[in-house]
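Peer 1: Pasting a structure below so you can have a look.
Quick note: the coordinates plus some simple rules give every number you see, no bench work behind them. If you're wondering where the values come from, they're calculated on a predicted model, not measured in any experiment. We place every Cβ from the backbone using ideal geometry, glycine too, and count neighbours over all the protein chains shown.
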Amino acid sequence: MAAHPVEPSFAELFTPKLVTVLRERYGLQDLRADAVAGLTVAIVALPLSMAIAIASGVTPDRGLFAAIVGGFFISLLGGSRFQIGGPAGAFIVLVAATVERHGVDGLLLATMLSGLMLLAIGFLRLGTFIKYIPFPVTVGFTAGIAVIIFASQIKDLLGLTLAKEPGPILPKVVALSEALPTLNPAALFLAVLTIGTILGLRWYRPHWPAMLIAVALSATIGWALALPAETIGSRFGGIPSALPSPRFPVISTEAVLAVLPDALAFALLGGIESLLSAVVADSMSGRRHRSNCELVAQGVANIASALFGGICVTGTIARTATNVRSGARGPVAGLLHALFLLLFMLVAAPLASYIPLAALAAVLAVVAWNMAEKHAFATLLRTSRGDAVVLLATFLLVVFRDLTEGILVGFGLGALLFLHRMAQAVEVERTGPVVEEDVADAADAGGRIPYDVATATDPDVVVCRISGAFFFGAAATVGSVLDRLAEHPRAYVIDVSAVPFLDSTAAATIEGFVRKARRQGATVYVAGAARPIRRVLLAHGVRPPRVRFRTTVAEAIAAAHAAGRSLGAEALPAGA
């Protein structure tokens, strides 16, 4: 009788990763590494938090409050070891629209309500369903947000004078073009200087905090030359040097009903963005996050951020990746990042008045360029007509209509596309789990030769057969199975001979597994890939010499053993 998996307990699902890390004999060396990583991320987050707040239509201090308070609680309670929370560029459009409709108090109320929604989603264990967002949808809405962010920064990049800047992108472009005669050469100079400094430092000194250095340089030159460019001080009067006292926004039935759609959009985007960021951290570190625990932490963080006057927060991919690359050992790095930001605000708040708005706009322009997944966008357009339709529909709706509408329509089209593809595969598809058990009867296996016992127990070659349609809904399941395979074999053989269809998300999953295997020094063989499946894999980087394609599993195993014997012979000492 097959054993059923034991349902994880409440404590296992919702214990913060901070508790897990501290139980692992966390020592002084770990604290030192986390302190360095936390300081590095804080230096990156300082100009970004202010720039995102300004682009969102609020004062820069509200971005800092969000990064300090929200970032602290995300690291304290979150389900990811390396997640860094704070204000994110993806929220700029939603936050700006909410402020325009309901004012700052309405924004704070919407942020608090979104926190309650995220708490409910997490405790109801609905976080696992976010994995069903197709890859073309995430690429499309990320690219759309990048376009909107860049368009929103043109005014400050060029120092244009506008009585009122429209929100929708087409009227915005018209208004900006009409305001071109008011271009400020000083602002343009500082913007170009900032972008050039960031790009130059990333090329010559990639480990230096390029954004902070670029903003500081622009502020210094602008002050020394008395350039007539608008600064934080001239527009906002500077930033406070301490956190405000917590207070509730104005709460009434009418106000709650008015901001409810905005709160829902914040919760939806925050959940998607935070879990995508946690997945990125997992792929970089080899760890596994707890999705529902992470959503609960996001909920608490948004409630706390709103109480202290901050804007909505989520896990941030760029800062989280910086945290991992800086050698963080656990959530203590995120806690210290928040404390370092608080220290910066306490000590250096007066200096923020000299920061040119053109420099912060230039920082966001670089962020927008990096956000747009240009390679993935182009690959999806080339790989599949169906994925291209989903991608373009999501992208165009996000840019020209509404972010939430773009995600919902993209998801709906992705679901319809999947149903269409499954209908085409019904005649030849065999019912069974995504990753099957080894079968003893070749006839039951669709005519394939069953695996030999010696093959199944071979410590040097691990064989995994994927059977059935491998699509975005199955990618997380297959990915987790691949991650649990033997730790350090010499070779992996992935048998896809029984896979009738494989989409871009599945190809990205296999590409991530190949990358991880190569870091371990293992060779990956893909056996039995039909021509359409091989075309998708090749388009997503699963190609020689990173992997080796073979017609059958037997050929792949023989090749792996031959390569192993060759390596063993090379390792023998002379005369052996």
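Peer 1: Quick one: angle between helix 291-307 and the longest Cα principal axis of the chain, in degrees between 0 and 90, rounded to 10, please.
Peer 2: 0 degrees
Peer 1: Using a 7 Å offset from the Cα along the Cα-to-Cβ direction at both Ile221 and Glu100, what is the distance between the two label points in nm, to one decimal?
Peer 2: Placing both labels 7 Å beyond Cα along the Cβ direction yields 3.3 nm.
Peer 1: Taking the alpha-carbon distance from Lys172 and a cut-off under 28 Å, which lysines remain once sequence neighbours fewer than 8 residues away in the same chain are dropped?
Peer 2: Lys155, Lys164, Lys374
Peer 1: Taking the dipole about the Cα centre of the stretch 164-271, with the C-beta of Lys and Arg at +1 and of Asp and Glu at -1, give me whichever of Trp208, Ile251, Ala219 is farthest to the positive side.
Peer 2: Of the candidates, Trp208 comes out farthest on the positive side.
Peer 1: I've got another one for you. Please give me, ordered by residue number, the trypsin sites (Lys or Arg not before Pro) of the stretch 235-319 that lie in loop per DSSP and have at most 12 other Cβ atoms within 10 Å.
Peer 2: In loop regions of the stretch 235-319 (DSSP not H, G, I, E or B), the sparsely surrounded trypsin sites (Lys or Arg not before Pro) are Arg247.
Peer 1: Which one of Thr161, Gly521, Trp369 is farthest out on the positive end of the charge dipole of the chain, using unit charges on Cβ (Lys, Arg +1; Asp, Glu -1) and the Cα centre as origin?
Peer 2: It is Gly521.
Peer 1: Charges at C-beta only: +1 for Lys and Arg, -1 for Asp and Glu. How large is the resulting dipole of the stretch 1-131 about its Cα centre, in Debye rounded to 20?
Peer 2: So the dipole magnitude of the stretch 1-131 works out to roughly 180 debye.
Peer 1: Please sort by residue number the trypsin sites (Lys or Arg not before Pro) in the stretch 150-186 whose DSSP state is loop and whose Cβ has at most 12 other Cβ atoms within 10 Å.
Peer 2: When the trypsin sites (Lys or Arg not before Pro) of the stretch 150-186 are filtered for loop state and at most 12 Cβ neighbours within 10 Å, Lys164 remain.
Peer 1: Pick out, from Gly79, Leu537, Gly386, the residue whose Cα sits farthest towards the positive end of the charge dipole of the chain, with +1 on the Cβ of Lys and Arg and -1 on the Cβ of Asp and Glu.
Peer 2: With unit charges placed on the Cβ atoms, the residue in question is Leu537.
Peer 1: What is the calculated FRET efficiency for Phe411 to Glu24, with r their C-beta to C-beta distance and R₀ = 35 Å, to the nearest 0.05?
Peer 2: 0.35
Peer 1: So what's the angle, to the nearest 10 degrees on a 0 to 90 scale, between helix 403-425 and the longest Cα principal axis of the chain?
Peer 2: Relative to the chain, helix 403-425 is tipped by roughly 10 degrees.
Peer 1: Whats the longest run of the chain with zero GluC sites (Glu not before Pro) that are DSSP loop and have at most 13 other Cβ atoms within 10 Å?
Peer 2: So the longest stretch without any such site is 25-426.
Peer 1: Counting other beta carbons within 10 Å of each Cβ, put Leu158, Leu360, Leu339 in order, fewest first.
Peer 2: Leu339, Leu158, Leu360
Peer 1: If R₀ is 41 angstrom, what is the calculated FRET efficiency for the pair Ser285 and Ala562, using the beta carbon separation as r and rounding to 0.05?
Peer 2: Efficiency computed from Cβ-Cβ geometry: 0.75.
Peer 1: Among (i) 89, 35, 22; (ii) 48, 25, 21; (iii) 45, 26, 25, find the value of semi-axes √(5λ) of the Cα gyration tensor in Å that was calculated from the structure presented, and write down its label.
Peer 2: Structure-derived value, by its label: (iii).
Peer 1: Magnitude of the Cβ-charge dipole of the chain, K/R +1 and D/E -1, about the Cα centre, nearest 20 debye?
Peer 2: Once rounded to the nearest 20, the dipole reads 1120 debye.
Peer 1: So how tilted is helix 504-519 from the main axis of the chain? Cα-based, degrees 0 to 90, rounded to 10.
Peer 2: 80 degrees
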